[in-house]
Amino acid sequence: MSKPFISGFTIVRNAIKYDYPIVESILSILPVVDEYIVAVGKSEDDTLGLIQLIGSPKIKIIETVWDDSLREGGRVLAVETNKAFAAINPKADWCFYLQGDEVVHEQYHHEIIESCKRFKDDEAVEGLLFGYVHFYGSYDFVGDSRKWYRNEVRIIRNIKNIKSYRDAQGFRINDRKLQVKAIAAKVYHYGWVKDPRSQQEKQKSFHRMWHDDEWVKKNVTQADAFDYSAIDSLQKFTGTHPQVMNERLKRMNWHFDWDSNKKKLSVKEKILKAIEKLTGVRLFEYKNYTLI
């Protein structure tokens, strides 16, 4: 069976200012995809030049302008994602979406390609579901409480009535959840790993896509650096990082540590977490997809 045509797509703005690992994100699946659409929003830094420097013939850049008035529910992120999706080659069978702080380990490349082959002709399968590893504070710790989502759809069929949903967390087709198959691959999420000063600036910008200025002023701590200690539960990461992240790991210039014996979970959360550990079932979990 021949390899399906796979298109990658993503959106990015102010990647340098907020220290997004967008280059690593793109490089992490570049061997898997046949083209990569990058919608670069007008930025306050040279994000456009950063993407151009990757220098791959697979990359196709479209320049966009974000509508910052779309602040309710992070809608602007979905609007921009839909712009990138619309620019994908009509010949593509599958479309691989990564956000600017998401990276795929090379150990999953074979599984991803084989899954795209396996389900290519099964029209009931509208997307492929990935597991998630959420790093927090440093590259040595991952979130293990119920606040972190465990799965999300990251490969979808090239069907143009599929649209990015809400704040671009997932996708819907004609306002219903996609029917998906889970695959044995994970996305490494690095959105909560960066210099505390950059993280603090990111928080201010991030919340402006959901709330008005008054809300941001009242609810986002006014500080020079983000306080990573205000977290409920973490565990030590024992695996390896994607190779494309090696240089970024070497550049880490701040210290973060966590005592796993000092978890800050409520009694209810402890009970639910114990049930999940025992059964593998996460009660009351929100799922933005239908598993088939």
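The values are calculated or read from the model by the stated rules, or taken from the named source; none is laboratory data. Keep in mind that this is a model prediction, so the values were computed, not measured. All Cβ positions, glycine included, derive from the backbone under ideal geometry; neighbour counts span all protein chains shown.
The number of residues in region 180-213 that are within 30 Å of Phe119 (Cβ to Cβ) and either surrounded by 16 or more Cβ atoms within 10 Å (Cβ to Cβ) or in contact with a His (Cβ under 6 Å, 6 or more places away or on another chain) (or both) comes to 10. Within region 262-285, the set of residues being surrounded by 14 or more Cβ atoms within 10 Å (Cβ to Cβ) and in a helix (DSSP H, G or I) comprises Glu269, Leu272, Lys273, Glu276.
Any idea how many residues of region 214-228 are surrounded by 10 or more Cβ atoms within 10 Å (Cβ to Cβ) and either in contact with a His (Cβ under 6 Å, 6 or more places away or on another chain) or within 13 Å of Gln199 (Cβ to Cβ) (or both)? Going through region 214-228 one residue at a time, the tally reaches 8. Among the strands (runs of 3 or more DSSP E) confined to region 79-163, the ones with at least 3 residues that are in contact (Cβ under 8 Å) with a residue 60 or more places away in the chain and under 30 Å from Trp254 (Cβ atoms) are located at 102-104, 127-136, 141-143. In region 164-181, the residues that are among the polar types (S, T, N, Q) reach residues that are assigned to a strand (DSSP E or B) and buried (at least 16 other Cβ atoms within 10 Å of the Cβ) with C-beta atoms within less than 7 angstrom, at least six apart or across chains, in these pairs: Ser164/Phe171; Gln169/Glu152.
Gly73 meets all of the listed conditions (1) in a helix (DSSP H, G or I); (2) touching a Lys or Arg at 6+ places or on another chain (Cβ under 9 Å); (3) surrounded by 15 or more Cβ atoms within 10 Å (Cβ to Cβ) but one, namely (3).
Residues in region 164-182 that are in a strand (DSSP E or B) and either among the charged types (D, E, K, R) or in contact with a helix residue (DSSP H, G or I) (Cβ under 7 Å, 6 or more places away or on another chain) (or both): Ser164, Tyr165, Arg172, Arg176, Lys177, Lys181. In region 45-55, is there at least one residue being exposed (fewer than 15 other Cβ atoms within 10 Å of the Cβ), hydroxyl-bearing (Ser, Thr, Tyr) and either closer than 21 Å to Val244 by Cβ or at pLDDT below 95 (or both)? Scanning region 45-55 turns up no residue that is exposed (fewer than 15 other Cβ atoms within 10 Å of the Cβ), hydroxyl-bearing (Ser, Thr, Tyr) and either closer than 21 Å to Val244 by Cβ or at pLDDT below 95 (or both).
Please state which one of Ala92, Ala15 is closer than 24 Å to Cys116 by Cβ and small (Gly, Ala, Ser). Result of the check over Ala92, Ala15: Ala92.
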